[in-house]
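Here the structure comes first, spelled out in structure tokens, and everything after it is commentary.
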Amino acid sequence: MALSRRMAASALLLLVLLVATDMGTTKVAEARHCLSQSHRFKGTCIRNGNCANVCMTENFPDGECQTRGLERKCFCKRVC
């Protein structure tokens, strides 16, 4: 009898802890990024840093190299 009460109390405590920890979490949505191929970048895109610098001259905050088909191209990126 005492053992079943302990098990019930332990199960109740576990349930309370699970509910309490789940209630405290908040979900943050990530922002979507829009991509636009750079108009000023020339040649094969190898380094993301070079691409980002060219994109900044095109009024984009960031850029990254991406493979499209057989070519690596520079794509400028901003939050949509």
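The values are calculated or read from the model by the stated rules, or taken from the named source; none is laboratory data. What you see is a predicted model, and the numbers here were worked out from it, not measured in a lab. Note that we place each Cβ from the backbone using ideal geometry, even for glycine, and neighbour counts take in every protein chain shown. Just so you know, the surface numbers come from the protein's heavy atoms only, side chains and all, with ligands and any DNA or RNA stripped out. Shrake-Rupley method; radii C 1.70, N 1.55, O 1.52, S 1.80 Å.
This table checks each residue for (1) part of a helix (DSSP H, G or I); (2) at pLDDT 95 or above.
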{"position": "ARG6", "(1), (2)": "yes, no"}
{"position": "ALA9", "(1), (2)": "yes, no"}
{"position": "ILE46", "(1), (2)": "no, yes"}
{"position": "CYS55", "(1), (2)": "yes, yes"}
{"position": "LYS73", "(1), (2)": "no, yes"}
{"position": "LYS77", "(1), (2)": "no, yes"}
* Asked: So which residues in segment 57-71 are of a type outside the set (A, V, I, L, M) and either part of a strand (DSSP E or B) or open to solvent by 90 Å² or more (accessible area, probe 1.4 Å) (or both), if there are any at all?
  -> ASN59, ASP62, GLY63, GLU64, CYS65, GLN66, THR67, ARG68, GLU71
* Are there any pairs, at least 6 apart or on different chains, whose C-beta atoms fall under 7 Å, with the first in segment 55-80 and within 12 Å of PHE41 (Cβ to Cβ) and aromatic (Phe, Trp, Tyr) and the second open to solvent by 30 Å² or more (accessible area, probe 1.4 Å) and part of a strand (DSSP E or B), and if so, which? -> PHE60/LYS77; PHE60/ARG78; PHE75/LEU35; PHE75/SER36; PHE75/GLN37; PHE75/GLU64; PHE75/GLN66
